[in-house]
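One structure is given here, and the rest of the page talks about it.
Computed from the coordinates by the stated procedures, all read-outs in this text should not be read as laboratory data. Note that this is a predicted model, so its numbers are computed, not measured. Glycine gets a Cβ as well: all are built from the backbone with ideal geometry, and neighbour counts include every protein chain shown.
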Amino acid sequence: MFYSLSTLKVITMFTALLLVQTSQQSRALLEEKKEPQYHPKSCNNRFLKFFILNPELTESMKPKGEIKRLCPQVQDSCCSTTEFNSLLHQVLEKQFIVGRTRLETLDLISMIINLTDQQMNDLVQIIHQKECIKTDSIPLLLSRTKLKENYSKIGQDITKAFNFFFKLSTSFSCSLCEQSNEKHFAMHEDQKAFNIEVNQNMCNNIFLEGFQNGSLEIFKKLKYLNVFVEMLGCLTNDDISLTPILFKNDYSKMREKGIFCSTNNNWIENQECNEMCIKYSVVNRNIFSDVMESISKSKKYFSDLVQEYINTVNDIVQSKGTPLLTKISLDQESIKRLADEDIKKEKIPLITKFKYFVEAVGGEKKNDKVMKIEIVPTKGIDPSKWEMHLVQESINKLFTFVSLFFVVFFFKD
C-alpha cells in the first residue's frame, strides 16, 4: 500500500506533535515527583537529652528510614537514626511487657472460672475462715459467676483497652523527634524536669472515643477480678490490688462527666474535668502500670493456693478413706508456706514495672515527676495526631513474608 506525499507529511507532523506532547507530559510528571529542596533548621535538643544520652544533632534532619515509616507526621526530625532507634527499642520492649500482662490477666480469670463448683465452694469457706474477705466487697462466688458469664467479652475489652491506650501513649516517641514541638516544653527552674503542653483534644479522645468504642469498659469489669486479687494478697500478707477500677455507678458518673466536659469545652476551666483528664493522661504513660505486678503475683498465689487445696484433699482421702468434707480448711503450716517471704522471692521472678514508655534518664528511678502535663486549649501536643504506626503492622508484615517464604520453599521442593 502506497501513500501520497501529502498524506505522508500529515502523518509525520501528527507523530512529531504527539512526541512533543508526550515529552512535555513526562517532564511535567518528573517535575511533580521532584521533592523540594530541604533546608535544615536549628534544633534545640534540651528536652530530648532527658530521654536519650549524648544527642548527636545540632540541627534538624530530614526524616528517613524507620522515622519516616513509623512517624510519618514528623517533618523536621531532631532525632538521629541512633537516637530514634533507642526510643523505638524502649517502646518495643515495653509493648512486649504490656502484651504479657494482658495475657496473664486472661490466664488468671481462666484459672478462677475453670475450678469446679465444689472446689470453689471449699476454697470460699477456707478463705472466710482466714478472714480474708472484706465485708463490703462483692462476694467471691458472685464475682466468679460474672467472670464466667462475661469471659469472652472481657477478653475483647482487655485487648481493646490495651491497644487503645498503647497507641496514644507511644505517640510521644514521635512527638519528641519533631523540631516544631519544642515550643510546647517548658523547663523547670531546677533544670531537672519540665512541663509539657497538651492539646485538650487529648481529653476528648480518651473519654469520648474511649466510651464510644468500649475501651474504658475494662475498668468496670476488673472490679470482679479485684475481689480475688485482694483476697490472695490477704492470704499471703501482700498488699496488692488492681487500679484503676470503676464500679457501675462510678463508670456512669465518669461517662456523664466526660460528655459534660467535652460538650462545654471545660477541660481547662473546670477543676474536676482537668483532674480527671490528667489522671487518665496517656502522654508517655502506662496507665496499666499498677496492674502489672498485682496480676503477676495473683496468678502465682492462686496456683499455689489451689495446689495446697488439692494436696490437702489427697491427704485426707488417703488417710481416712472418706470424701472431703465441705468445711475442710487448710492447716496453718500450708498458709504459712504461702506467706513465706523466701518462697515468694523464689517463686515470683523479677516483675518489670514501668511508668513511662520512653524512659527519661533517671526519670523512673530518681525523679518520677520528670514531666508534668498541662492541658491547654488549642496548641500543645495532641497524642492522636502523632500516633506511631506501630509494631503490630511490622509484625504482620514479617509474618506474611515468612509465610510466603515457606510456601515458595515448599512448592519449590
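For the range 205-213, in order, what is each residue's ³J(HN,Hα) by Karplus, 6.51 cos²θ - 1.76 cosθ + 1.60 with θ = phi - 60°, in whole Hz (x at glycine and Pro)?
Result, rounded to whole Hz: 5, 5, 8, 5, 5, x, 6, 5, 9.
What is the order of Asp122, Asp76, fewest Cβ neighbours within 10 Å to most? Don't jump to the answer; show the numbers that get you there.
Details: Asp122 22, Asp76 19.
Least crowded to most crowded, the residues run Asp76, Asp122.
Scan the range 104-195 for trypsin sites (Lys or Arg not before Pro) in coil per DSSP, keeping those whose Cβ has at most 16 other Cβ atoms within 10 Å, and list them by number. Write out the running numbers ahead of the final one.
Working: sites: Lys130, Lys134, Arg144, Lys146, Lys148, Lys153, Lys160, Lys167, Lys183, Lys192; in loops: Lys130, Lys134, Lys192.
Here the sparse-neighbourhood loop sites are Lys130, Lys134, Lys192.
Search the structure for amide H atoms under 5 Å from the amide H of Asn265, placed 1.01 Å from N in the peptide plane, and list their residues when 5 or more places away or on another chain.
It is none; the list stays empty.
Fewest Cβ neighbours within 10 Å first, please rank Thr159, Thr378 accordingly.
Details: Thr159 16, Thr378 8.
Going from least to most buried by this count: Thr378, Thr159.
Find, among the GluC sites (Glu not before Pro) in the range 222-313, those assigned to loop by DSSP (not H, G, I, E, B) with at most 11 other beta-carbon atoms within 10 angstrom.
Details: sites: Glu230, Glu256, Glu269, Glu272, Glu275, Glu293, Glu308; in loops: Glu269.
Answer in residue order: Glu269.
Counting other C-beta atoms within 10 Å, and keeping those with at most 12, which DSSP coil GluC sites (Glu not before Pro) do you find in the range 51-86?
On the way: sites: Glu56, Glu59, Glu66, Glu83; in loops: Glu56.
For GluC sites (Glu not before Pro) across the range 51-86 that sit outside H, G, I, E and B with at most 12 neighbouring Cβ atoms in 10 Å, the list reads Glu56.
Arranged by the count of other C-beta atoms within 10 angstrom, fewest first, what order do Thr101, Thr312 take? The partial results should precede the final answer.
Values: Thr101 23, Thr312 18.
Ascending number of Cβ neighbours within 10 Å: Thr312, Thr101.
Taking amide hydrogens as modeled 1.01 Å from N in the peptide plane, which residues meet the under 5 Å criterion relative to Glu59, leaving out close sequence neighbours?
Cys43
Decide, for the range 192-269, between rounded, prolate and oblate: order the square roots of the alpha carbon gyration tensor eigenvalues as a ≥ b ≥ c, take rounded if a/c falls under 1.5, and otherwise choose prolate if a/b is larger than b/c, else oblate. Numbers along the way, then the final one.
Details: a/c = 3.14, a/b = 1.65, b/c = 1.90.
Because a/c hits 1.5 or more and a/b fails to exceed b/c, the range 192-269 counts as oblate.
Which entries of Lys160/Lys300; Lys248/Lys299; Lys299/Lys369; Lys192/Lys372 have Cα-Cα distances beyond 21 Å here?
Numbers: Lys160/Lys300 25 Å; Lys248/Lys299 25 Å; Lys299/Lys369 31 Å; Lys192/Lys372 12 Å.
Violating the 21 Å Cα-Cα cut-off are Lys160/Lys300; Lys248/Lys299; Lys299/Lys369.
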